[in-house]
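Take a look at the structure below.
The values are calculated or read from the model by the stated rules, or taken from the named source; none is laboratory data. Quantities reported herein were computed from a predicted structural model and do not represent experimental measurements. Using ideal geometry, Cβ is built from the backbone for each residue, glycine included, and neighbour counts are taken over all protein chains shown. Please note that ligands, DNA and RNA were not included when accessible areas were found on the heavy atoms of the full protein model with its side chains. Shrake-Rupley method; radii C 1.70, N 1.55, O 1.52, S 1.80 Å.
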Amino acid sequence: MVIVADLEAGIGTLTRLEDESVDATVVVVEPTPRSIDIAARAIAVADERKQGRVIVAANKVADADDERRLQAAFPDHSLLIVPADPVIDRADRDGLSPVDVDPISPAVSAIESLAEVLLT
Amino acid sequence: MSGSQETRLKVAFTGKGGSGKSSIAGTFARLLARTDQPVLALDSDPLPGMPYALGIPVEDEPTPDDVVVEGPAGGHRWVLRPGLDAASFIDRYATICPDGVRYLQFGNLWGHISSLQRAQYAWSQVVRELDPDAWNLVGDLPGGTRQAMFGWAKYADTVLIVVEPTVKSMHVGRRLRNLADADWAPEHLAVVANKIADPDDVRRIEERVGLPVIGVVPADPAVLTADRAAGAPLDVAGGPFVESLHALVDSVQASYAGTR
Ligand SMILES: Nc1ncnc2c1ncn2[C@@H]1O[C@H](COP(=O)(O)OP(=O)(O)OP(=O)(O)O)[C@@H](O)[C@H]1O
Ligand SMILES: [Mg+2]
């Protein structure tokens, strides 16, 4: 069985989780300084508490410059890029799952590859 | 316009995570300060977002641990140390921002939890005891309903719920409407509709949340540009976002004039 947990924003829940509770921690980061700052601290907590493999998912990546800045901020991780994609906004607006709105959109495809990475 | 007789604005922004509270609160504070008003920005988010919108760096330790001492038995756990009161605390520890806004942050979540606790007690005491005639207050709460429901925006007589046209954001907005029944219910409770691209969305938000919309803020790519550049929207670009914030300051000021 696979359990997927969506934690509260920030690092509060992560700091309260028992050591070694999970097989992998996916840290989601946007190309903004505030997000990068918080993600860096989340990675440190996950490493320290041995919360499995740490995977950095770079979300809302709009262009090569965004990707470059994020990669520079996390030189020790290979990023899983999730492109900025209007399908997510549309789904959000209508309260639907992006998978149901457009299963082959760029963002959904990227999330699919995240699932593959996690299962290997 | 800065005589001591007039009413000071006491405004807090709340709403779902990511709805735009900090961008709006920070810009609102600076535009209000430009009307020659003394403005104190109050940030109770342990992952502060307001500094970016004000145009100042985030400080890891805004206040040292020794600003507080243990409080008396039966009272607050930590109290400001002797010789330090609300006014002198603001004087020493509130960051000076562009346009003369002063910014009061409590601790960060990544410091020691005990430091965060002390900083929160200090922040709360300052907010309780500051001279209400001396400052206009503009507050920014963390995303979600928890802090607002526990009375963290008691200092405000106007609470503005920032809502974007998504199902989740409108749902949180609707729950925050319950603030109207709290002991500390603000005099004014209204919605700021954010990231609006389609005028029909404003109507949807108003219907779903069940409160009047006092301001409409358009979706503006300049806000994202500012965000990526770590600049304040006000410094990076004029444009629809900033224009709508001017209008919001006017509307809120008018709502005070109307009731007093
Ligand atoms: N009117 C707007 N147009 C376009 N983008 C916007 C607008 N308002 C906010 N944003 C964007 O939305 C995101 C969230 O904004 P902000 O940080 O102000 O929200 P918040 O409610 O304070 O979030 P949090 O709950 O994380 O503190 C940012 O990327 C910001 O640039
Ligand atoms: Mg914020």
Inset, instruction - Give just the number: which of (1) in contact (Cβ under 8 Å) with a residue 40 or more places away in the chain; (2) closer than 18 Å to B:Ala25 by Cβ; (3) away from every other protein chain (no Cβ under 14 Å) does B:Lys195 not satisfy? - result: (3)
Inset, instruction - Could you grab me the full set of residues in region B:103-146 that are touching a helix residue (DSSP H, G or I) at 6+ places or on another chain (Cβ under 6 Å) and among the basic types (Lys, Arg)? - result: B:Arg118
Inset, instruction - Kindly check whether there is at least one residue in region B:207-228 that is open to solvent by 30 Å² or more (accessible area, probe 1.4 Å), part of a helix (DSSP H, G or I) and more than 14 Å from chain A (Cβ to nearest Cβ). - result: yes
Inset, instruction - State the number of residues belonging to region B:99-145 that are under 16 Å from B:Pro48 (Cα atoms), among the basic types (Lys, Arg) and over 15 Å from the mean Cα position of the chain (by Cα). - result: 0
Legend entry - Residues of region B:107-155 satisfying the condition of being within 16 Å of ligand 1 (Cβ to nearest atom) and without any contact (Cβ under 8 Å) to a residue 12 or more places away in the chain: B:Arg146
Legend entry - Matching residues in region B:232-260 - criterion: being more than 16 Å from ligand 2 (Cβ to nearest atom) and within 14 Å of another protein chain (Cβ to nearest Cβ): B:Val236
Inset, instruction - State all residues of region A:95-119 that are within 11 Å of another protein chain (Cβ to nearest Cβ) and open to solvent by less than 80 Å² (accessible area, probe 1.4 Å); if no residue qualifies, say none. - result: A:Gly95
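Residues that are within 12 Å of ligand 2 (Cβ to nearest atom) and at pLDDT 95 or above: which strands (runs of 3 or more DSSP E) entirely in region B:1-96 hold 1 or more of them?
Passing ranges, in order: B:10-15, B:39-43.
For (1) more than 16 Å from ligand 1 (Cβ to nearest atom); (2) touching an Asp or Glu at 6+ places or on another chain (Cβ under 6 Å); (3) free of Cβ contacts under 8 Å to residues at least 60 places away in the same chain; (4) open to solvent by 10 Å² or more (accessible area, probe 1.4 Å), each residue gets a yes or a no:
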{"residue": "B:Thr7", "(1), (2), (3), (4)": "yes, no, no, yes"}
{"residue": "B:Ser44", "(1), (2), (3), (4)": "no, no, no, no"}
{"residue": "B:Pro51", "(1), (2), (3), (4)": "no, no, yes, no"}
{"residue": "B:Leu54", "(1), (2), (3), (4)": "no, no, no, no"}
Inset, instruction - Check region B:122-140 and report whether any residue there is open to solvent by 70 Å² or more (accessible area, probe 1.4 Å) and either among the hydrophobic types (A, V, I, L, M, F, W, C) or within 14 Å of chain A (Cβ to nearest Cβ) (or both). - result: no
Legend entry - Failed criterion for B:Val159 (all others in (1) within 13 Å of B:Lys16 (Cα to Cα); (2) away from chain A (no Cβ under 14 Å) hold): (1)
Legend entry - Any hit, region B:190-199, residues being surrounded by 22 or more Cβ atoms within 10 Å (Cβ to Cβ), more than 12 Å from ligand 1 (Cβ to nearest atom) and under 21 Å from the mean Cα position of the chain (by Cα): yes
Legend entry - Any hit, region B:12-28, residues being hydrophobic (A, V, I, L, M, F, W, C) and more than 15 Å from ligand 1 (Cβ to nearest atom): no
Inset, instruction - Consider A:Ala84 carefully, then state whether it is open to solvent by less than 40 Å² (accessible area, probe 1.4 Å) and either more than 16 Å from the chain's Cα centre (by Cα) or within 14 Å of another protein chain (Cβ to nearest Cβ) (or both). - result: no
Inset, instruction - Hey, could you check region B:146-166 for residues that are part of a loop (DSSP other than H, G, I, E, B) and of a type in the set (Gly, Ala, Ser) and say which is farthest from the chain's Cα centre (by Cα)? - result: B:Gly151
Inset, instruction - Report, by residue number, each residue of region B:19-42 that is open to solvent by 20 Å² or more (accessible area, probe 1.4 Å) and within 14 Å of chain A (Cβ to nearest Cβ). - result: B:Ser22, B:Ser23
